[in-house]
1. Suppose we filter 177, 152 for residues that are under 14 Å from the mean Cα position of the chain (by Cα), surrounded by fewer than 23 Cβ atoms within 10 Å (Cβ to Cβ) and either under 20 Å from residue 28 (Cα atoms) or touching a residue at least 60 places away in the same chain (Cβ under 8 Å) (or both); which single one remains?
2. Looking at this structure, is residue 357 modelled with pLDDT of 95 or more, touching a helix residue (DSSP H, G or I) at 6+ places or on another chain (Cβ under 9 Å), surrounded by 17 or more Cβ atoms within 10 Å (Cβ to Cβ) and within 30 Å of residue 137 (Cα to Cα)?
3. Taking residue 182 as the residue in question, decide whether it is within 17 Å of residue 118 (Cα to Cα), under 22 Å from the mean Cα position of the chain (by Cα) and part of a strand (DSSP E or B).
4. Name the single residue that is nearest to residue 15 (Cα to Cα) among those in the stretch 102-152 being in contact with a helix residue (DSSP H, G or I) (Cβ under 6 Å, 6 or more places away or on another chain) and not in a loop (DSSP other than H, G, I, E, B).
5. Whether any residue in the stretch 392-405 is touching a strand residue (DSSP E or B) at 6+ places or on another chain (Cβ under 6 Å) and either in contact (Cβ under 8 Å) with a residue 60 or more places away in the chain or on the phi > 0 side of the Ramachandran plot (or both) is what I want to check.
6. Scan the stretch 200-213 for residues that are over 9 Å from residue 242 (Cβ atoms), touching a residue at least 24 places away in the same chain (Cβ under 8 Å) and surrounded by 15 or more Cβ atoms within 10 Å (Cβ to Cβ) and jot them down.
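The values are calculated or read from the model by the stated rules, or taken from the named source; none is laboratory data. No experiment lies behind these values; they were computed from the predicted model shown. Reconstructed Cβ throughout: ideal geometry from the backbone, glycine too, with neighbour counts over all protein chains shown.
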């Protein structure tokens, strides 16, 4: 996995300035990484894909030696940085960014026929900027993207400025909420924008605007429900981008979700996924896992949110979805401990379904008032922070005698009876 957490520093803010030409797929970038040394620092390492060539590196304005190979950029400052000191690394780089090949397919910066899609979960961020690519290292961002004025640019965060010069436009976004690198996204395309109540923004190609507006029309109701169940929405706005390309699955980013053209049919055929991605803004984005082995805390809550929305919107109740999920799991190998599924299994169907079943079992055991209090307290206590399975089990112990139940569902590979 990327991002060695024993490397002696933590990032405070990324300030990125990117110039991108859609036709040739050429990126020229300047990254300023503001950080604090957590120990005496003679050199530091950043993650950066080999497709991007580094031209210059400075530390606090002074030229630094560097080596870039194997997806790692090692920087040696002119003088060691003392423990506790703030410092800034500036990297000038360029190239034709491409997705990073992984066990889960190609991830990161993806050059489309007429635009860009960035979906970095879990290790794709180095495909387009130098970073400390680990979910436990959250930082603020300022991102300026310059490209041809014919395109809309949507980036995680709040749009604070646009500047047009000749045939290009620079879009400036700020994201002050602490964010891991994999949840930072850039979307470039010929989009039409539609804003709905609650500061919800929908961007879609012209040919998909009408069906997309229908398919995402119930998001304000979802937002109301999830705010009641999870607590206040953690960001100033929420954006959905429908790309003009098919995707295997939608992808969440900080305050933004990306859907494929194949997820729009004008009949809300993928509405469960709309609910799933919105729920990730609480579970995964505001509450970020400290390490990838805890991923069920992202996907279990988001999948259970699908079931809760189904019930609230006139569909099947959670117990019906739980029974179906349990039937599915019973046919699959029971060798995956939910608390640590292993890197190849991070996005295994069993993580999603068993995670949701765990929460349904907890909900059934405690009853709705206690379960809702447990969840809203959990979200409030870790807002914009990090979470682990152990922390969740400890938290749940304060709401009833649920230790044996949770250990059975979370720690043991064997499938418990359907709750």
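1. The conditions single out 177.
2. yes
3. no
4. Here the residue is 131.
5. No, every residue in the stretch 392-405 fails to be touching a strand residue (DSSP E or B) at 6+ places or on another chain (Cβ under 6 Å) and either in contact (Cβ under 8 Å) with a residue 60 or more places away in the chain or on the phi > 0 side of the Ramachandran plot (or both).
6. Within the stretch 200-213, 200, 201, 211 meet the criteria.
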